[in-house]
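The values are calculated or read from the model by the stated rules, or taken from the named source; none is laboratory data. Keep in mind the model is a prediction, meaning the values are calculated, not measured. Cβ placement follows ideal geometry from the backbone for every residue including glycine, while neighbour counts extend to all protein chains displayed. Accessible surface areas use protein heavy atoms only, side chains included; no ligands, DNA or RNA. Shrake-Rupley method; radii C 1.70, N 1.55, O 1.52, S 1.80 Å.
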Amino acid sequence: MSFVSPLFLWYFMPTVLVAVLVCPRSWRNGIVAVASLLFYVIGAGPYIFLLLLCMAVNFFAGPALEPSPWDLRGTRRRRILIGVVTLDVLVLVIWKYAGFATQQIAAVSHWFGGDLDVANIVVPIGISFYTFHHISYVVDIYRGERRALRNPVAFAAYIAMFPQLVAGPIVRYREIADQLPQQRSHRLDDIAAGFPRFALGLCKKSIVADSLSPMVEACFATPPDQMTFATAWLGAIGYTLQLFFDFSGYSDMAIGLGRMLGFRLPENFARPYSSVTITEFWRRWHMSLSRWFRDYVYIPLGGNRSGAGRTYRNLCIVFVLTGFWHGAQWTFLIWGCYHGALLVIERRFNLAETPAGPVARIARRALTLLLVVFGWVFFRSADLGHALAMIGHMLLPDFGGLGDVVESALTNQRLLILIAALAVFFLPAHPVTGPLLESSRSRGATALRVGVMTVGLVYAAILVATGTFSPFLYYQF
């Protein structure tokens, strides 16, 4: 069930909000847990049993992972942690990567005359996100940063919370543990603060991202022998904008929904296309994922504490994992390696710091954006050959123009939205729109809030009612 579907907007969300608003405060976690599991059943069907199994294992392991004076060396706790994390990772590997692995084995076997079958496994929605939530839960308890939950309802409310269940933001246990006790007194204030944020995300998704989708699809569906310089650049820039408005729109909706339910979810975007370095880009893009890998992979590997060589190694490991986390395709791996290499280069040549002068900042910002756009071509392309062909056309100008299919997809309305969306490339790094809209009481924020809640929300609702919405791009991850 998508956040931009009539079923969710007209029925599911209002019902949950009314229940949380009128029922006793002590019912909140129970309402959220039941609603979230129902939400997942509607979207994933029988895969709810896989989610429940993983939840049960991690919940019962939690108390055993707490530091104990009777286990001075921590051997027992360490073994339990390794076992639980191994199970979590194994579930993710089997359901998300087994098909890819057997496909590669079958391809190698074919070279030697073999004929092996490929495992066709449907990837359950949200499996990457709830796996990371489980790992965060057990690791934070093992480190003694938070106590384990004894209430299964509160645990289910954290793991399965429907605003962030299928596409984030990734909420580390330490970030939400103190919010799970049901001490919520200003429910109307929370709804008043969260709903404009939700409306902003709905406008980003339905008005901008979904409008650009047919044009982007037409560009990337163009065969390499018919690709032109204009088609390649239109597709690359269009996808750069579509992905940002789609994913940041989802994050705004999730954070707004969480706020209406009484939870403060972490920010996920902070004007990433205003970054002047790739290092800064990863501090602003999908921030919850970057923080997760930093805390649970990069720092445990040694971070930057053991010299330049190991720092580069750790960065490469993190971004190989980041690429594969997004999907079992070579294009995602190449995209991850590409960004890992850029980060290593910035560190090696001391380019990670923000330039001092305005001219240097503008030049570095343009270069960073250009590098990000090229990276998104790998991310979006169906295979590596198509990505390289498209990048080749981007680097070799010609006068071929747009093909008939792309021209028909580039309507006047989509062209206008594309031009308007390009403004995100030129906006300053601060303030970030989402938090400003949610919390600021300045005149500018009030005007933006009124515009989103009137013109934007009405137009977005019309688009949803007419069935012009599409699934969020990050649902596939």
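Quick look at the values:
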quantity: Odd one out for residue 259, checked against (1) assigned to a helix (DSSP H, G or I); (2) open to solvent by 10 Å² or more (accessible area, probe 1.4 Å); (3) farther than 30 Å from residue 19 by Cβ; (4) not β-branched (Val, Ile, Thr); calculated: (3)
quantity: Some residue of the range 407-419 being of a type outside the set (A, V, I, L, M, F, W, C), touching a Ser or Thr at 6+ places or on another chain (Cβ under 7 Å) and farther than 27 Å from residue 205 by Cα; calculated: no
quantity: Residues (of a type in the set (Asp, Glu) and crowded, with 21+ Cβ neighbours inside 10 Å) located in the range 200-236; calculated: 210
quantity: Number of the condition not met by residue 461 [criteria: (1) of a type outside the set (Val, Ile, Thr); (2) touching a helix residue (DSSP H, G or I) at 6+ places or on another chain (Cβ under 7 Å); (3) under 30 Å from residue 124 (Cα atoms)]; calculated: (2)
quantity: Checklist (1) more than 23 Å from residue 332 (Cα to Cα); (2) in contact with a helix residue (DSSP H, G or I) (Cβ under 8 Å, 6 or more places away or on another chain) applied to residue 309, failing item; calculated: (2)
quantity: Identity of the residue in the range 83-96, among the hydrophobic types (A, V, I, L, M, F, W, C) and open to solvent by less than 30 Å² (accessible area, probe 1.4 Å), that ends up nearest to the chain's Cα centre (by Cα); calculated: 92
